[in-house]
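The values are calculated or read from the model by the stated rules, or taken from the named source; none is laboratory data. The model shown is predicted, which means the values in this text are computed figures rather than measured ones. Positions of Cβ are backbone-derived with ideal geometry, glycine not excepted, and every protein chain shown enters the neighbour counts.
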Amino acid sequence: MAALTLWQTLEKELIVFRARMAYKPSNHSYARPNISKPFMSHNEQALYEIVLINMADDYESFEYLLEHAQKWSIESGIIVTRDAVAAALGRAIREGDAKAYLLSPQPPYSQAVEFSLDRIDGLWFYVTPKGKGIIAPS
């Protein structure tokens, strides 16, 4: 099988996400440009969206996000490092597209907290409605 291009891989991930969200496809292009983040390279934007997609339906750990970003990177032929995933996650939180949480088995079960690289492995992450708008069709 030939290697998938970056956009084919991103399209595949978006299709899987939309299927999980019971999205009914329309005539919109999945490879639409995101003009809200003009200073990101195509690879950075793709990684940013992959990070959002992977935390769109549940709280996820950084380990989970890193693992899935690395699987995507192997398929797309792009090198993705731990630092790159942490940077994409940090940017998503700064821009209001995701939030960091502490989870607990007792109430309150989830508590929004400030993002910190020092605590990244102990936090959980979830996409915000604004972030879902980035990965959903326009």
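Might you let me know whether segment 97-110 holds any residue that is surrounded by 11 or more Cβ atoms within 10 Å (Cβ to Cβ), in contact (Cβ under 8 Å) with a residue 40 or more places away in the chain, in contact with a strand residue (DSSP E or B) (Cβ under 7 Å, 6 or more places away or on another chain) and among the hydrophobic types (A, V, I, L, M, F, W, C)?
Yes, some residue in segment 97-110 is surrounded by 11 or more Cβ atoms within 10 Å (Cβ to Cβ), in contact (Cβ under 8 Å) with a residue 40 or more places away in the chain, in contact with a strand residue (DSSP E or B) (Cβ under 7 Å, 6 or more places away or on another chain) and among the hydrophobic types (A, V, I, L, M, F, W, C).
Tell me which residues, restricted to segment 37-87, are over 25 Å from Asp118 (Cβ atoms), touching a residue at least 60 places away in the same chain (Cβ under 8 Å) and crowded, with 16+ Cβ neighbours inside 10 Å.
Residues satisfying the conditions are Glu49, Ile53, Ala56, Trp72, Ser76, Ile78.
Could you identify the single residue in Leu14, Leu6 that is farther than 19 Å from Gly131 by Cβ, surrounded by 15 or more Cβ atoms within 10 Å (Cβ to Cβ) and modelled with pLDDT under 95?
Leu6
Please list, ordered by residue number, the strands (runs of 3 or more DSSP E) wholly in segment 50-138 having 1 or more residues that are under 16 Å from the mean Cα position of the chain (by Cα).
Passing ranges, in order: 98-103, 124-127.
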